[in-house]
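Heads up: the structure comes next, in structure tokens.
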Amino acid sequence: MMQLKNQQGGALLNALRECQKECGHLTPAHLTALAARFNKSLAEVYETASFYSMLHFRPAGKYVIEICRSAPCHVAGAAQTIRALEEQLGIRMGETTADGQISLRFTECIGQCQNGPSVLVNGKLHANVTQDRVPELLEQIFREEV
């Protein structure tokens, strides 16, 4: 396990983020080590890790599609966009395709309420991603133009 900095106060969240950087997700070994390091129960560490949407317990795909789950994006049609992504990729939110290429995840508001539904692909914003635009977005991903 890597050397962790700043173990005071709210450092558990920072430590969780640092651990996730090691392999792209949090492992049981990470959680166990952090519980010991911060003198907390494994349940307390898991509770903290599971609260934050930027922390993950499974490996991510090469491309991570994050869909905003705020009310404005929902009203703009995010549910239909999600359904179209799930149908075309054959996975559900929180899953990764069998080939490890694409993961679908929710994210909190990304500040693009006027352009919803908003989607991030590996951190890059795609606005107005309606269900009709899903094939175009996936085509861009498969051509590695995102």
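Quick notes
- Seen from Gln80, the other residues with C-beta closer than 14 Å to its C-beta sum to a net charge of 0, counting Lys and Arg as +1 and Asp and Glu as -1.
- Lys/Arg +1, Asp/Glu -1 at C-beta; the chain dipole; positive extreme among Asn39, Leu104, Leu85: Asn39
- Based on DSSP H segments of at least four residues, each scored -39500 (n - 2.57), the chain has a per-residue ellipticity at 222 nm of -12000 deg cm²/dmol.
- Around the Cα centre of the chain, unit charges on the Cβ atoms of Lys, Arg, Asp and Glu (plus for the first two, minus for the last two) sum to a dipole of about 440 debye.
- Proximal aspartates and glutamates relative to Lys40, as straight alpha-carbon distance under 20 Å, when same-chain residues fewer than 8 apart are discounted: Glu18
- For the chain, with all protein chains in place and a probe radius of 1.4 Å, 49% of the accessible heavy-atom surface sits on carbon or sulfur.
- Option label - P(r) over Cα pairs in 10 Å bins from 0, in percent computed here, alternatives (i) 11, 37, 28, 19, 5, 0; (ii) 11, 37, 32, 11, 7, 2, 0; (iii) 10, 27, 20, 14, 11, 8, 6, 3, 1, 0: (i)
- Degrees, to the nearest 10: 42-51 long Cα axis against longest axis of the chain: 30
- Surface per residue (accessible, 1.4 Å probe) for the chain, Å²: 57
- Range in the chain, longest, excluding exposed trypsin sites (Lys or Arg not before Pro) [loop by DSSP; at most 16 other beta-carbon atoms within 10 Å]: 93-142
The values are calculated or read from the model by the stated rules, or taken from the named source; none is laboratory data. In this text the structure is predicted, and so the values were computed from the model without any measurement. Every residue, glycine as well, gets a Cβ built from its backbone with ideal geometry; the counts of neighbours run over all protein chains shown. Quick note on the areas: whole protein, heavy atoms, side chains included, nothing else; ligands and nucleic acids left out. Shrake-Rupley method; radii C 1.70, N 1.55, O 1.52, S 1.80 Å.
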